[in-house]
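The block underneath contains the structure these notes are about, expressed in structure tokens.
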Amino acid sequence: MDSLRRRSKVWLHFSKKTKISAKCNACDRIVSCIGGCTTNMKKHLSRVHGVEINVCPVFDALRRPSTAASSSSSGSGSGSDPQRGTAVTALQSESDNLRPEIANVSQAGDSTTPRCAEPTPFTIAAKGKMSVQQKEECHRKVTAHIVKRLHPFSEVESPTFRDMVKTLNPKYTPPSRDYLSNTLIPSWYKVEKSNIITELSEVSSVALTCDGWSSITQDHYLTITAHYIEEGKMQQKVLKTKAVYKAQTGCVVAEEISDVLTEFGISDKIVAVTVDNAANMDVAIKHLRFVKLCCFAHTLNLAAQSIYSLNSVSQWVAKVRTIVVWMKRCLMAKVVLQEKQELLQLPRHSLILDVRTRWNSLYLMLERFTEQYPAIQAASLDQRLRKNMDRDRLARLTEEDFKKAEDFINLMKVLYTSTLCVSSEKSPTCGQILPILKKLEAHLAVKDGDTVFVSNLKKQVLANLSKRYQNDEIRNFLQVATALDPRFKHKLDDDTIWDQIQRKLIEQSTEEDCGADGDSMQSENEDEQESQQPPCKLPRKTPLEELFAEEEAQNIVSQQSSMSIKKRVERELQIYQEVPPVLMSEDPAAWWWNQQKTYPLLSDLAFSYLCVQASSTPSERVFSTAGDTICPERSRILPEKADMIIFLNKNCF
């Protein structure tokens, strides 16, 4: 009777020891099973032996095959655990022994099924059901709809959704809320995470962006995104949106980032990390010993916000802001403003109110103000609004205010456009930073015809920008990135950077050649040992030659390789410098991918710098999705489920 109650597949790998314990058939470890619970045994098989029980097969069709796994399994290196390997082999052989029995049962069932064309109750019932493949495909589509559109899990149990599905396909029954949340989404997450780990194992250089965010439930989250180049295309993946319940010190953030990098196997592939100017991020990146780049979009925003400290600007902006707030708050003002816009043939745009923490909001408010200035002036003189404005003692706008707004827009438009350049999703590489800074310095230089208002703005913004990127290591890193960007290679002020690139290429190529020579020499030695041909007689060496034979051979090989590599590097750099820069619309990663045959050494170095982001906006975009995921309607969602939804929403297309 006891054996009949043990129906779980986990008992194929365990033997009953006592009433409250069982013994693993592979490693003889005793595991608790009080009350017949098999959870501990399943965890033991998964963590120790890598065997999953009752795995959902719906998303197995999306799994990416791993080339590294096949090579490692065939090699069976010395770093593997022999006990664990023996256990896994025993479990696999035990499962393989069960497969013929299952096949025999299925064949026996097929043999008993009548092959005549006459309908039977079994064939009639089978016609009314969906195949396993069709059902799994429908499950995948429903799960993708819930995840990509950020619908609540209860959507699959709503009467309207089920009625719609029944109308589209009466044979299909949607999954329940529990099955969707606890089985389908975790299994999809596991498959996609495995695919990304496999994809990251095939690249050599990865750049990161990292930032923190607080949800509506006051939970703090840390988001990490990875950026790399694959076949000439910039790839972006969200690695983790992890809830952190500790004090956000630099050491804690460094530990959290290190755990994520270890989980995805890219700890030794990081080129640089782009973060904001938070102090804890600075300490964390220094603790991890990575190259840290400050978010350039955040730097430009700080420079733009520095003008609030000028009294002349703050008073004038407050005057414009008061009018905008009053026009947006008054119901009749909206009606009158739309009438004036139609009369003056202006675009029917609403006024914009600036928010100090929002990037470029002051510029956007004043740009819309200048566009709608005639309509605003006409509306303020309308009798339906004039009494209310006089009652609220609003200051009247003058032509001087309009002139200041025009000067402000002409000056700050370059700053706004620069923010858009480094915040875009298409090739926002760090090679843009120094050329944009150089252009901004030329634009913000005080000229003779500037008014006092304009000159004060220029001095304030330029003084703030001049403090950024002054570290020698960061400056040198950005100069190399600019030189390796084919759009900006002629915008360098320091020509000595080419010598540094040449030294890096020689060192990198020498290390690769030494490793390749060692592998080839090892393979040649193995071939010589296997061959039974008698060795040829070599001329007898003198005692001095025999004593220093190894050092002499190494010196000859190193000299020959260094000379050949140096010539190749010089030739590639000369050709690259002579080629004219490409258009700004060109993708630098795609350009280097197409020029790999011309620059085999230089292209590898370029890919490692082009993947570094100029700003941390990828993390900010993740927070927009996170805000829609952890919303007031779903404030009780677990952080683990939120991480899965954000991961699948941003990484799966």
The answer for Thr173, listing residues at least 5 apart or on another chain whose modeled amide H is closer than 5 Å to its amide H, is none
DSSP loop (so not H, G, I, E, B), at most 15 other Cβ within 10 Å: list which GluC sites (Glu not before Pro) in the range 565-620 pass both filters.
-> Glu586
Residues with amide H under 5 Å from that of Glu230, placed H, sequence gap 5 or more | Gln235
In the full protein assembly as shown, how much of His490 is accessible to a 1.4 Å probe, in Å² to the nearest 10?
-> 110
Ignoring ligands, DNA and RNA, what percent of the accessible area of the range 348-388 is carbon or sulfur (1.4 Å)?
-> 51
Which trypsin sites (Lys or Arg not before Pro) from the range 211-265 combine a DSSP loop assignment with at most 15 other Cβ atoms within 10 Å?
-> Lys246
Between Ser131 and Lys567, how many nm apart are label points set 7 Å from Cα along the C-beta direction?
-> 6.3
Once amide H atoms are placed 1.01 Å from N in the peptide plane, what residues at a sequence separation of 5 or more from Ala272, or on another chain, have their amide H within under 5 Å of its amide H?
-> Leu208
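Count neighbours as other Cβ atoms within 10 Å of each site's Cβ, and list the trypsin sites (Lys or Arg not before Pro) in the range 361-443 that are DSSP loop with at most 16 such neighbours. List each step's numbers first, then the result.
On the way: sites: Arg368, Arg384, Arg386, Lys387, Arg391, Arg393, Arg396, Lys403, Lys404, Lys413, Lys426, Lys438, Lys439; in loops: Arg393, Arg396, Lys426.
Hits after loop and neighbour filter: Arg393, Arg396, Lys426.
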Under 26 Å Cα-Cα from Lys129, which lysines qualify once same-chain neighbours fewer than 8 residues away are excluded?
-> Lys141, Lys166, Lys171
As straight-line cross-link partners of Lys567, the qualifying lysines (C-alpha separation under 20 Å, not fewer than 8 residues apart within one chain) are Lys504, Lys597
Measuring from a point 7 Å past the Cα of Asn388 along Cα-to-C-beta, which residues in the range 349-372 have an amide N at less than 20 Å?
-> 349-354, 369, 372
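For Ile30, Ile266, what's the largest-to-smallest order of accessible area, 1.4 Å probe?
Details: Ile30 90, Ile266 0 Å².
Largest accessible area first, the residues go Ile30, Ile266.
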For the range 332-395 and the range 424-475, write down the distance between their C-alpha centroids in whole Å.
-> 32
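Working with all protein chains in place, sort Ser608, Ser214 by solvent-accessible area computed with a 1.4 Å probe, largest first. Could you put the intermediate results ahead of the total?
Details: Ser608 15, Ser214 70 Å².
I get Ser214, Ser608, largest accessible area first.
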Taking Lys and Arg as +1 and Asp and Glu as -1, residues besides Pro588 with C-beta under 9 Å from its C-beta add up to -2
Going by accessible area, probe 1.4 Å, with all protein chains left in place, what is the ranking of Glu371, Glu202, Glu192, largest first?
-> Glu202, Glu371, Glu192
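The values are calculated or read from the model by the stated rules, or taken from the named source; none is laboratory data. Please read these numbers as outputs of a predicted model, since none were measured by experiment. All Cβ positions, even for glycine, are placed from backbone atoms using ideal geometry, and neighbour counts span all protein chains on display. What goes into the accessible areas is simple: the full protein's heavy atoms, side chains included, and nothing from ligands, DNA or RNA. Shrake-Rupley method; radii C 1.70, N 1.55, O 1.52, S 1.80 Å.
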